[in-house]
Amino acid sequence: MIKLEALYSGKAKTVFKTDDPKKLIMEFRNSLTAFDGKKKSEAPKKGYYNAQISAKLFKLLEEKGIKTHFDSILSDTEMVVDSVEIVKIEVIVRNIAAGSLTKKYPFTTGQKLDPPILLFDYKSDEHGDPMINDDIALALRLATKEELSKIRKIALKINSILIGYLDTKNLLLPDFKLEFGRRGGEIVLADEISCDTCRFWDKTTGESLDKDVFRFDKGDLVAAYREVAKRIVPEIF
């Protein structure tokens, strides 16, 4: 496989074309952003840890029957993925109240949410990624009614799988973001699952082991990401 020009460069990843039109290379960078890009930094090995964690979790989900865009790990910081048409909806699954949920609604941080809360945001930097409902998604033609139903079902199944798996690693999953894509008319999980897109809390201490460490200056971000990687992909150490 030959790596060609960059197709897209986001806040923390760059996606490259390859000589296979059906495959892309996703590179995880060490870049860090928070608060809509207002806070920026670099963290050594962040891209490495996120790539390895994502690959491991994609493989786990595939084994459990979730179809994803993941193909293979190419290098320390690169994954080969299927080329998909991204659905412009960010899906947020919340199991424990934290972050913006406690600012906008009368929840307290740490409050268990049973059943989980599932939210949709319109994936648009221009419009500030606003929260949307099914009617807005349909009106914007972001997805069909059938696709929205399938996305909800898959997201909740992913949530159940991850909660059970992470519990064995002494990790809580307060909330996380998912993105989906269309591959030959089929909805599949895309993007990444990592410390950048999930809140991970140590089950014993409640310590944040995710991007909140950077957002709120809670300590050593690289140490936090390394700790999650040690629990999820111990084989890389």
Would you mind classifying the chain by shape? Square roots of the alpha carbon gyration tensor eigenvalues, ordered a ≥ b ≥ c; an a/c under 1.5 is rounded, otherwise it is prolate if a/b is larger than b/c and oblate if not. rounded
Could you size up the charge dipole of the chain around its Cα centre, putting +1 on the beta carbon of Lys and Arg and -1 on that of Asp and Glu, and report it in debye to the nearest 20? 340 debye
Ranking LEU140, PHE107, SER194 by how far each Cα lies towards the positive end of the charge dipole of the chain (+1 on Lys and Arg Cβ, -1 on Asp and Glu Cβ), the top one is PHE107
List the aspartates and glutamates whose alpha-carbon lies under 13 Å from that of LYS123, not counting same-chain residues fewer than 8 positions away? ASP36, GLU90, GLU179, ASP191
Running a GNM on the chain with Cα contacts under 10 Å, which residue among GLU179, GLU27, GLU147 ends up with the highest mean-square fluctuation? GLU147
Excluding ligands, DNA and RNA, the carbon-plus-sulfur percentage of the accessible area of the range 135-187 with a 1.4 Å probe reads 55 percent
Taking loop as defined by DSSP and a crowding limit of 10 other beta carbons within 10 Å, which trypsin sites (Lys or Arg not before Pro) in the range 105-181 fit? ARG141
How long are the semi-axes of the ellipsoid equivalent to the range 1-125, from square roots of 5 times the Cα gyration tensor eigenvalues, in whole Å, largest first? 29, 19, 15
Whole number in Å², please: accessible area per residue of the chain, 1.4 Å probe, ligands, DNA and RNA not counted. 50 Å²
I need the shape label for the range 40-105. Rule: rounded when a/c is under 1.5, else prolate if a/b > b/c, else oblate, with a, b, c from the alpha carbon gyration tensor. oblate
Restricting the range 1-94 to trypsin sites (Lys or Arg not before Pro) in coil, as DSSP defines it, with at most 10 other Cβ within 10 Å: LYS38
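The values are calculated or read from the model by the stated rules, or taken from the named source; none is laboratory data. Owing to the predicted nature of the structure, the values given are computational and were not obtained by experimental measurement. Cβ: placed from backbone, ideal geometry, glycine included. Neighbour counts: every protein chain shown. For the accessible areas, the whole protein counts, side chains as well, though only heavy atoms, and no ligand, DNA or RNA atoms are used. Shrake-Rupley method; radii C 1.70, N 1.55, O 1.52, S 1.80 Å.
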